[in-house]
Amino acid sequence: MIKKHVGFFFNLIAIGLFIPGILLPMFSLNMAMTANVSGAKITNTLIDKNLSLLQTIQELWQDERILVALLIFAFSVCIPVVKFILLTLAYTKKHTRLEVIVYNVISKIGKWSMADVFVVAIFLAVLSTNHAETATQQQMAIFGFKLDFIVSSETLSALGPGFFYFTGYCLLSLLGTAISSSSTKTKMVSTPSSVET
């Protein structure tokens with residue numbers, strides 16, 4: 001019984017981390033282009049974004065990457081919410097057949113909820129482009145004069161607070177669900193007759 005309370009407590013903390021995890025900026029992306037002409041620098045910022053998970057889904061939708069937007073929304077927003085609702089239902093329906101059925105459903109959903117971790121891994125892959133700088137030297141002739149200039153671009157990315165909240169949610173949710181599920185399995189093995197219909 002203690003395991004069930006501990007598991008639910010972890011899931012409560014997890015859902016508390018989930019909300020800022022999807023609302024706060026998950027990463028920032030800055031892309032700038034610099035032209036160096038005879039020692040004078042001209043810099044133009046091409047991209048300067050701080051995106052949360054929900055803003056990323058919105059941008060993907062607006063860019064007509066609908067399938068990717070729907071997949072991220074389903075796995076990173078819908079499944080965690082449904083999973084928490086089911087865990088709350090199972091927690092309140094103690095020692096009933098419904099509790100066992102709900103935990104079976106949660107264990108099946110749990111396989112899909114690993115996609116949360118996958119989303120975080122995608123963000124890490126995106127952020128691996130940090131400090132990727134390219135530079136090309138060009139020459140231009142104006143009225144017979146040759147002018148040398150260098151054009152360089154640099155991409156800077158950084159993790160935002162939303163990333164850490166969402167990662168904390170993923171880890172605590174997995175731990176809490178595992179503890180809650182194990183308490184039900186132990187109870188079923190030790191006292192199968194105690195489960196009411």
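The values are calculated or read from the model by the stated rules, or taken from the named source; none is laboratory data. These numbers come from a predicted model, not from an experiment. Reconstructed Cβ throughout: ideal geometry from the backbone, glycine too, with neighbour counts over all protein chains shown.
A quick yes/no check of all residues on (1) touching a strand residue (DSSP E or B) at 6+ places or on another chain (Cβ under 9 Å); (2) at pLDDT 85 or above; (3) closer than 23 Å to LEU175 by Cβ:
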site: LEU12; (1), (2), (3): no, yes, yes
site: ILE22; (1), (2), (3): yes, yes, yes
site: ASN36; (1), (2), (3): yes, no, no
site: GLY39; (1), (2), (3): no, no, no
site: ILE42; (1), (2), (3): yes, no, no
site: ASP48; (1), (2), (3): yes, no, no
site: LEU51; (1), (2), (3): yes, no, no
site: TRP61; (1), (2), (3): no, yes, no
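The number of residues in the range 48-93 being touching a residue at least 12 places away in the same chain (Cβ under 8 Å) and either of a type in the set (Lys, Arg) or at positive phi (or both) comes to 2.
Scanning the range 45-73 for residues that are surrounded by 14 or more Cβ atoms within 10 Å (Cβ to Cβ) and aliphatic (A, V, I, L, M) yields LEU51, LEU53, LEU54, ILE57, LEU60, VAL68, ALA69, LEU70, LEU71, ILE72. Could we say that LYS146 is among the basic types (Lys, Arg), assigned to a strand (DSSP E or B) and modelled with pLDDT under 80 here? Answer is yes for this residue. Listed by position, the helices (runs of 4 or more DSSP H) contained in the range 1-105 that have at least 2 residues being under 24 Å from TYR165 (Cα atoms) and of a type outside the set (A, V, I, L, M) are 2-23, 53-62, 79-92.
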